Every structure is written in C-alpha cells, then in structure tokens.
Amino acid sequence: MNGTQTIKRVLRRATGRDRPKTVAPVPLPDYEIPVPEAEPLAPVTLKLRDDRRVNVRHICPEDADRLVELFWRLSADTRWRRFFVPLDNVDSELVRRTARRMAAIDRRCEVALAAVACEDGHERIVAVARFACPKAADETVEGSIVVRDDYQGAGLGSQLLHLLIRAARMRGLRTMTIFTQGDNPAILTIIRRMGVPYTTSFATGVYEITLHLAG
C-alpha cells in the first residue's frame, strides 16, 4: 500500500467509517530505490500563465503546519477530487497527525514536491505533487497532485506533473497511475499535451490513467 492509498484510508475514517483507536504508521517498501547523487528536481522556479512564480522543492518535516494550512484552504470540491471522500467535517487533530506523517517523507522511497509562494511575508504551500515507490521497479507508482483553488487553471498542475514524471523516470520506474473522477476530463487534456504514452480505463465513475514512462 503506498502513501496515497494510506492517506485515503486515514481520511476516510474522518467520516465515521472504520474509525480506529490509533492510526497505524505508513509501511515502507522492503527495498530502496537509489536516489540520484545530483537531484536536479528541486528547488526550481516555475512561471505560471498569469505571470506568478512559485518555487518547487522537496517537502520536509517542517512543512507539517503548511500542509495543514493548505488543507483548510482547499475548497470542498478540491478536497473531494484529491481524496475521493467528502471531508467537510474532518477532525482537525486527524488533519494535523496526517500532515505530520506526510511531511516526514523518506526520500529513499518517496517523492513529495511542494510548490511554495511568499504571501504576506510567509512561505505557504500552494500545491503538492507526490508518489511513493512500489516494491519493484517494474510496478506502477500512483501519482497525485493537489493545487490550491486560487492557483488552479494557471498551468501549475501540468508543470508539477512533468516534474513528478521526471522523478519517476530517474528512479527507473516504468509506469505511473493517476486516478481522477469521470467529470474531470481536464487531466486527460493535460496528459495528451505532454506527449507521454498512456492508456485509460473507466469504472464506477473513476478514470484510471496509466502513463508509460519508458515510452
């Protein structure tokens, strides 16, 4: 089970279903994918279509509070599209615990990129792109991206997806799977424009998009 699947399970408990007394830690893969000595992915500066600029870097443990702030600034629709469950009444302590775990990544087996902007003199995370490595290099990795509502539609998501694909290729991964609701065809448009070979399947209102990274 990767980090994305785990956060979905943890946050699903906020709705009152399958609520445990404690939250289990995320299990790590039983092997390590080598991290390149020279990591060119971050930090980088991205220019958006509206001329705003954001810096992209790796998430660190100190970002936990920034992830909490990002979550509360997402609209109900954006939360639904990211986590696939309604999170209108999620417990604030659960959000904090989850944010701490998602900020404490192990770069040997995870990639988590934060797009940050300076607002009112403070560094704030406005988008996150991440994946957890599978247990074998020929397996698929599940990617996910979330962008704060006021930064959507400016090309940030597509640029983050490009960086995420680049990171996966650097680690020798062959495929990346992205899940999205059936009423969100914009992601298909983004992928077509990137020129990455892909296949799709559709079931129960959800697209499963598989990017073929070796192509």
Region 124-200: antiparallel DSSP beta bridges as a percent of all, rounded to 5: 60
Work through the residues other than I187 whose Cβ is under 13 Å from its Cβ and net out their charges, Lys, Arg +1 and Asp, Glu -1. +2
Quick check of the Kirkwood formula: for region 48-129, what is the inverse mean of 1/r over all pairs of different Cα atoms, in Å? 13.6
For L46, net neighbour charge (Lys/Arg +1, Asp/Glu -1) across residues whose Cβ lies under 10 Å away: +3
Arrange D63, D88 by Cβ neighbour counts within 10 Å, fewest through most, would you? D88, D63
Neighbour-count ranking for E110, E142, E208, E119 (other C-beta within 10 angstrom, fewest to most) reads E119, E208, E142, E110
C118, C133, C109 arranged by Cβ crowding within 10 Å, fewest neighbours leading: C118, C109, C133
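Every number in this text was worked out from the coordinates using simple rules, so none of it is lab data. Since we're looking at a predicted model, the values are computed, not measured. Don't worry about glycine lacking a Cβ; one is built from the backbone with ideal geometry, like all the others, and counts go over all protein chains shown.
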